[in-house]
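Enquirer: One structure is given below, represented as structure tokens, and several questions about it will come after.
The values are calculated or read from the model by the stated rules, or taken from the named source; none is laboratory data. A quick note: this is a predicted structure, and the numbers were derived from the prediction, not measured. Virtual Cβ from ideal backbone geometry, glycine too; neighbours counted across all protein chains shown. What goes into the accessible areas is simple: the full protein's heavy atoms, side chains included, and nothing from ligands, DNA or RNA. Shrake-Rupley method; radii C 1.70, N 1.55, O 1.52, S 1.80 Å.
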Amino acid sequence: MVVRAKEELVAAGEGSPDSERKCDSNVVSPSLSMSALESDSPDVHGGSKARWICFVLAWLSYAGLTALRKPLGVGKKPLASDLKLGKTQLGFLDMSFLLPYAVVQVTVGSQADKVQPYLVLFLSLLVSSLSMLTFGSWSSLYPLAFLLFIAGSAQAFGWPACVKLISGWFPGRASSNVFGFFGTCTSIGGVGGTMIAVYLLQWSWRSSFYPQALVVVCTYLCS
């Protein structure tokens, strides 16, 4: 019975050396599959220099966006004194920036995944910078609130675009360490923006918004 069973297996082609070789040829080793995945990643194709240039530009871009938010808080007291604004009106200005920032980032901020992140970041920096550059030229509540609304909506796209860029250039386990360093841009950008605004406040609250024109330069570097 055993001999007959072996003969039937050989006749069916199972257990033959040829069939074993065919099975082995269809098996992909883990090392080969990992190398194939790594070769398709932008990290390998872009090279170390290109990805770190991308990291630095993204870091500077979001640090600039963070710095853009500081002049309003620093110059709020002289602004209120100059334009005769009360606490309710100052709160309205804060809401004009924070509300669209939160709503846009939660609802449509993920659209940066569907569009080129470079383009999204470029437009975010450009619109935010232009709105804040003209902020000091107005002396009425509603134009100021409108400019803050535009700036808040534009800045909401900054973080998703930066995350998309960094995760594309630093895939896998490297992204956790890289994002740790990238997170320092919010603290350093905030401190830097506050220091510049405080220094320029000795002339007027309007002048504290003008140095943010440097952020426009970053938009061209990232384009």
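Enquirer: Provide the gained length on full extension for the span residue 141 to residue 114, in nm with one decimal, where the gain is 0.36 nm per separating residue minus the Cα-Cα distance.
Expert: That pair, residue 141 and residue 114, stretches by 6.1 nm at full extension.
Enquirer: When all protein chains stay in place, what accessible area (Å², nearest 10, 1.4 Å probe) is found for residue 53?
Expert: 90 Å²
Enquirer: Over the stretch 50-200, what relative contact order in percent results from Cα pairs under 8 Å that are six or more residues apart? Show your work: numbers first, answer last.
Expert: On the way: 160 pairs, mean separation 66.5, N = 151.
For the stretch 50-200, the relative contact order is 44 percent.
Enquirer: On to the next question. Hey, what's the per residue convex hull volume over the C-alpha atoms of the stretch 65-130, in cubic angstrom? Numbers along the way, then the final one.
Expert: Details: hull volume 5.6 nm³, N = 66.
Roughly 84 Å³ of hull volume per residue.
Enquirer: If packing is taken as the average number of other Cβ atoms within 10 Å across a peptide's residues, how do 83-89, 60-66, 129-135, 182-188 rank, most packed first? Write down the numbers at each step before the final one.
Expert: On the way: 83-89: 11.3, 60-66: 23.7, 129-135: 21.0, 182-188: 14.3.
Top to bottom by mean Cβ count within 10 Å: 60-66, 129-135, 182-188, 83-89.
Enquirer: A further question on this structure: Would you mind getting me the FRET efficiency between residue 186 and residue 88? Use the beta-carbon distance for r and R0 = 25 Å, nearest 0.05.
Expert: On the way: r = 29 Å, r/R0 = 1.17.
For residue 186 and residue 88, the calculated efficiency is 0.30.
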